[in-house]
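Read the figures in this text as sums done on the coordinates, not as results from a lab. Not measured: the values here are computed from a predicted model. Neighbour counts run over all protein chains shown; Cβ positions are idealised from the backbone, glycine included.
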Amino acid sequence: MLDTYITIVMYFLAFGLVGWALSLYLKNVTHVDSMWALFPLLGSVVCIQKFPLNSIELIFSFFIILWSLRLFLYLTKRNWGKQEDKRYQVIRQNNEPFFKYKSLYIIFWLQAMMASVLMISIIPIYTDNLSINPISIIGISIAFFGLAYEAIADWQLSRFLKNNKNQVMDQGLWYHSRHPNYFGEFLVWWGIYLISFNGLYSFTILSPLLMSLLLFKVSGAELLESTIVSRRPGYEKYIQDTSMFFPWFKKK
């Protein structure tokens, strides 16, 4: 497993370098969001080339292709032709001068290393010749459900915002949670952990723990809501009435 992991890390750093070079040309680093969706797919391709596939690996490969391409296309369409995302504008301002050079490790290689942690729960699926068992079936079910949940949430939000700019989306899956797309992503990575579950590798839990931290604290719900109240009238009441992450009944 270790040699495979090192190989994948090197590929990820090279991919990050390509993304950074593109940012110098575009004078914009927002495409790093789209790149995020491709790291697990790239890592899985490395594994597929090195190991023969059994039934559970075929199912997972199909899943990771769906997950990666859906997220990549969604994020690319959302950001295409727009100015640099406000999150990265703040990071740029805080790291001048020479941010365009610093962004290699602040943005692109940092993301590559975080994606490397996520691969800790993916690599055993390919290297350990796992068989389908009750735990892996539960994991597969949770992962596919999470993928469908976040895809529906993103579709509902995109459709709503076409005719309701700067309004609060509180319909569909967004009625019971302020961030149902993040909740779906949360399920995806805990599902992957269960698919790869092996008592020999207890440290694989680092992958879903990192993703949970990102979704809750670092680049997910809390970061998004730090500025959204001032931009969308009515969002403060939405916060008071609606669960932030896990779907639940309205408080009022």
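Key figures for this structure:
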{"read-out": "Convex hull volume per residue for region 62-147, taking Cα atoms only, in Å³", "value": "127"}
{"read-out": "Region 4-35 residues near the modelled Arg231 label - backbone nitrogen below 20 Å, point 7 Å along Cα→Cβ", "value": "28-35"}
{"read-out": "Approximate spin-label separation Val218-Ile132, in nm, with each point projected 7 Å along Cα-to-Cβ", "value": "3.4"}
{"read-out": "Equivalent ellipsoid, region 1-107 (semi-axes from 5 times Cα gyration tensor eigenvalues, Å)", "value": "30, 17, 9"}
{"read-out": "Relative packing of 120-131, 58-69, which averages over residues the other C-beta atoms within 10 Å, highest first", "value": "120-131, 58-69"}
{"read-out": "Unit charges on C-beta of K, R, D, E only; dipole of the chain, Debye", "value": "1000"}
{"read-out": "GNM flexibility winner over the chain from Gly81, Gly19, Gly146 (Cα, springs under 10 Å)", "value": "Gly81"}
{"read-out": "Principal axes of region 133-252: Cα extent on each, largest first, Å", "value": "51, 27, 24"}
{"read-out": "Sites Asn164 and Leu24, calculated FRET efficiency, Cβ-Cβ separation with R0 45 Å, nearest 0.05", "value": "0.80"}
